[in-house]
Amino acid sequence: MDKQPQRRLFGTDGIRGTANKAPMTAEMALRLGQAAGLLFTRGNHRHRVIIGKDTRLSGYMLEPALTAGFISAGMNVTLAGPLPTPAIAMLTRSLRLDLGVVISASHNPFEDNGIKLFGPDGAKLSDETEAEIEALMAEDLSERMAPPEKLGRAARLVDAAGRYIEAAKFSLPRGLRLDGLRIVLDCAHGAAYKVAPAALFELGAEVIPLGVSPDGFNINREAGSTAPRALCEAVLEHHADIGIALDGDADRVILADERGEIIDGDQILGLIARDMAQAGNLRGGGIVATVMSNLGLERFLADLGVSLTRTKVGDRYVAEAMRTEQKNLGGEQSGHVILSDFATTGDGLVAALQVLSVLVRSGQRASEACRVFAPLPQLLRNVRYRGASPLALPHIKAAIEAAAKRLQGTGRVLIRPSGTEPLIRVMAEGEDQGLIEEIVEGLCGEIAAATAQAAE
């Protein structure tokens, strides 16, 4: 059997790194455009790709490099400008394009950037397809590029934002409006800084916008779903009904209730799952989440007669499992929520609209409607490392096994490397808060010590 090519550039969410340093360089983007262009040229029609981005300064470097690569491979390029990741996935499918590309490092700071690809169906590419692209990038492609008369062209899609806004609004029940709702909306100075406020305003809400003044450097800086303090403070200051925080590419969402208290992705999943199940719209008898989702969510769903399938971390793996099991709801505790009736990837705005729909129809406050289960104590810590991952060390493996045994089946320990940064994520959850803290701090200390020793 032939050995499958390995992925070295692609992680859990595309290619990511510090802008203008390997691998996130213009040269790499050019090669990626050429390789992906060749792989997705299938048939004799004029092939087309759409490129969207967030608001990072480095997008101005990567966008033309990718464009040149695709044009040299013979593809026509449609430029969408700053738009949420789910908007590019939607446009790829609705415009019947061959490929979609998003230039974004999601919730990372401005100095990072990334590139993720979507196939003609609007879904993220499989590991196998990404490996094929990497293998092509390593080859000499000079003789396979398009001849002069078959080079592609580039043009801007002027109504891209309007198309996405209408698609997001379509996810609400017919005739439902948001009149009377006061909403604080934090767009993280990112890709949704225009479209998300416009969508909520058009639906009748009073919108108090935050994070809508991107300058190329301030994306995710003390803003958005990973830094919701400003959101919570603004909800209280403006006596808002709810707060919505998106991340830099708007594929995830975190909420704050009217008391300024955070509502995470697990609670959002539980709320939407219950609402869909009661309406008879939940397909496959359950939902999909990752290993990070709280045990409280699993128990809540079980009481509803709804199953929970767990995957490894990454919304792409959630989406794959949803397709395999023919389910139409899945997501992550971090706020990626996939509603496949309306989107092929996590969509923070669409997920928020489903929650707002419940508030309107129930007449409940966010604090009443959005806390559907009591989460078990859960603690997550990150340990940064250099060089090889310390998780392969025998004494670290033994420490992890010993920690799991201490929970005696009442909880779990989850240790995993980040797919986007040199971090080890240490998580434990169970019924005893003190024991959870002791286990996590102990494991973090062991991993940190091993990392320090290896660096000497």
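The values are calculated or read from the model by the stated rules, or taken from the named source; none is laboratory data. Please read these numbers as outputs of a predicted model, since none were measured by experiment. Don't worry about glycine lacking a Cβ; one is built from the backbone with ideal geometry, like all the others, and counts go over all protein chains shown. All accessible areas refer to the heavy atoms of the entire protein, side chains included, with ligands and DNA or RNA removed. Shrake-Rupley method; radii C 1.70, N 1.55, O 1.52, S 1.80 Å.
For the range 342-377, name all the residues that are open to solvent by less than 10 Å² (accessible area, probe 1.4 Å) and polar (S, T, N, Q).
Within the range 342-377, THR345, SER357 qualify.
Of the conditions (1) among the hydroxyl-bearing types (Ser, Thr, Tyr); (2) at pLDDT below 90; (3) exposed (fewer than 15 other Cβ atoms within 10 Å of the Cβ); (4) out of contact with any Gly (no Cβ under 8 Å at 6 or more places or on another chain), THR410 clears all except one; give me its number.
THR410 satisfies every listed condition except (4).
Could you check how many residues of the range 413-449 are open to solvent by 60 Å² or more (accessible area, probe 1.4 Å) and either more than 30 Å from GLY17 (Cβ to Cβ) or in contact with a Gly (Cβ under 6 Å, 6 or more places away or on another chain) (or both)?
Result for the range 413-449: 6.
Residues LEU157, LEU141: which one is farther than 28 Å from GLY11 by Cα and not aromatic (Phe, Trp, Tyr)?
LEU157
Conditions first: (1) touching a Pro at 6+ places or on another chain (Cβ under 7 Å); (2) exposed (fewer than 12 other Cβ atoms within 10 Å of the Cβ); (3) of a type outside the set (Gly, Ala, Ser). PRO147 passes all but one, so which condition is the exception?
Only one criterion in (1) touching a Pro at 6+ places or on another chain (Cβ under 7 Å); (2) exposed (fewer than 12 other Cβ atoms within 10 Å of the Cβ); (3) of a type outside the set (Gly, Ala, Ser) is unmet by PRO147, namely (1).
Which of the residues that make up the range 221-232 are assigned to a helix (DSSP H, G or I), touching a strand residue (DSSP E or B) at 6+ places or on another chain (Cβ under 8 Å) and open to solvent by 10 Å² or more (accessible area, probe 1.4 Å)?
Matches in the range 221-232: ALA230, CYS232.
What strands (runs of 3 or more DSSP E) completely inside the range 1-108 contain at least 1 residues that are farther than 22 Å from ASP159 by Cα and of a type in the set (Val, Ile, Thr)?
Here the list reads 14-18.
Residues in the range 190-212 that are in a loop (DSSP other than H, G, I, E, B), open to solvent by 20 Å² or more (accessible area, probe 1.4 Å) and either in contact (Cβ under 8 Å) with a residue 60 or more places away in the chain or under 15 Å from ALA245 (Cα atoms) (or both): how many?
The qualifying residues number 3.
Scan SER106, SER126 and give me the residue that is touching a residue at least 24 places away in the same chain (Cβ under 8 Å), among the hydroxyl-bearing types (Ser, Thr, Tyr) and more than 21 Å from ASP54 (Cβ to Cβ).
On inspection, the qualifying residue turns out to be SER126.
Picking from LEU185, LEU172, LEU117, which residue would you name as being in contact with a Leu (Cβ under 7 Å, 6 or more places away or on another chain), more than 26 Å from LEU95 (Cα to Cα) and touching a residue at least 12 places away in the same chain (Cβ under 8 Å)?
Result: LEU185 is the single residue among LEU185, LEU172, LEU117 that is in contact with a Leu (Cβ under 7 Å, 6 or more places away or on another chain), more than 26 Å from LEU95 (Cα to Cα) and touching a residue at least 12 places away in the same chain (Cβ under 8 Å).
Taking into account only those residues within the range 101-144 that are of a type in the set (Gly, Ala, Ser) and out of contact with any strand residue (DSSP E or B) (no Cβ under 9 Å at 6 or more places or on another chain), which is surrounded by the fewest Cβ atoms within 10 Å (Cβ to Cβ)?
Per the stated criteria, the residue is SER142.
When only residues in the range 14-43 that are in contact with a helix residue (DSSP H, G or I) (Cβ under 6 Å, 6 or more places away or on another chain) and open to solvent by 60 Å² or more (accessible area, probe 1.4 Å) count, which is nearest to SER142 (Cα to Cα)?
Once the filter is applied, the top-ranked residue is ARG31.
Being within 13 Å of ALA273 (Cβ to Cβ), more than 11 Å from the chain's Cα centre (by Cα) and not hydrophobic (A, V, I, L, M, F, W, C) is the filter here; which residues of the range 323-368 pass it?
Across the range 323-368, the qualifying residues are LYS327, ASN328, GLY330, GLN354.
Mind listing whichever residues of the range 385-439 are within 22 Å of the chain's Cα centre (by Cα) and not in a loop (DSSP other than H, G, I, E, B)?
LEU414, ILE415, ARG416, PRO417, LEU423, ILE424, ARG425, VAL426, MET427, listed by residue number.
Could you list all residues from the range 355-376 that are in contact (Cβ under 8 Å) with a residue 60 or more places away in the chain and either among the aromatic types (Phe, Trp, Tyr) or outside any loop (DSSP other than H, G, I, E, B) (or both)?
Those that are in contact (Cβ under 8 Å) with a residue 60 or more places away in the chain and either among the aromatic types (Phe, Trp, Tyr) or outside any loop (DSSP other than H, G, I, E, B) (or both): VAL355, LEU356, SER357, VAL358, LEU359, VAL360, ARG361, ALA366, SER367, ALA369, PHE373.
Among the residues of the range 19-36, which ones are in contact (Cβ under 8 Å) with a residue 40 or more places away in the chain, more than 21 Å from SER94 (Cβ to Cβ) and small (Gly, Ala, Ser)?
ALA19, ALA29, GLY33, ALA35, listed by residue number.
As an exercise: evaluate ASP112 against (1) farther than 18 Å from PRO64 by Cβ; (2) in contact with a Phe, Trp or Tyr (Cβ under 8 Å, 6 or more places away or on another chain); (3) modelled with pLDDT of 95 or more and give the number of the one condition it does not meet.
Evaluating ASP112 over (1) farther than 18 Å from PRO64 by Cβ; (2) in contact with a Phe, Trp or Tyr (Cβ under 8 Å, 6 or more places away or on another chain); (3) modelled with pLDDT of 95 or more leaves (2) as the failure.
Specify the residue that is nearest to GLU27 (Cα to Cα); the eligible residues are those in the range 61-71 that are out of contact with any helix residue (DSSP H, G or I) (no Cβ under 6 Å at 6 or more places or on another chain) and touching a residue at least 60 places away in the same chain (Cβ under 8 Å).
THR67
Among the residues of the range 150-168, what is the count of those that are touching a residue at least 40 places away in the same chain (Cβ under 8 Å) and either surrounded by fewer than 19 Cβ atoms within 10 Å (Cβ to Cβ) or acidic (Asp, Glu) (or both)?
Of the residues in the range 150-168, 8 are touching a residue at least 40 places away in the same chain (Cβ under 8 Å) and either surrounded by fewer than 19 Cβ atoms within 10 Å (Cβ to Cβ) or acidic (Asp, Glu) (or both).
Restricting to the range 44-71, and then to whatever is open to solvent by 30 Å² or more (accessible area, probe 1.4 Å) and not hydrophobic (A, V, I, L, M, F, W, C), can you tell me which residue is farthest from THR129 (Cα to Cα)?
By that ranking, first place goes to TYR60.
Given the criteria in contact with a helix residue (DSSP H, G or I) (Cβ under 7 Å, 6 or more places away or on another chain), surrounded by 17 or more Cβ atoms within 10 Å (Cβ to Cβ), under 28 Å from LEU185 (Cβ atoms) and touching a residue at least 40 places away in the same chain (Cβ under 8 Å), does ALA399 qualify?
No, not satisfied.
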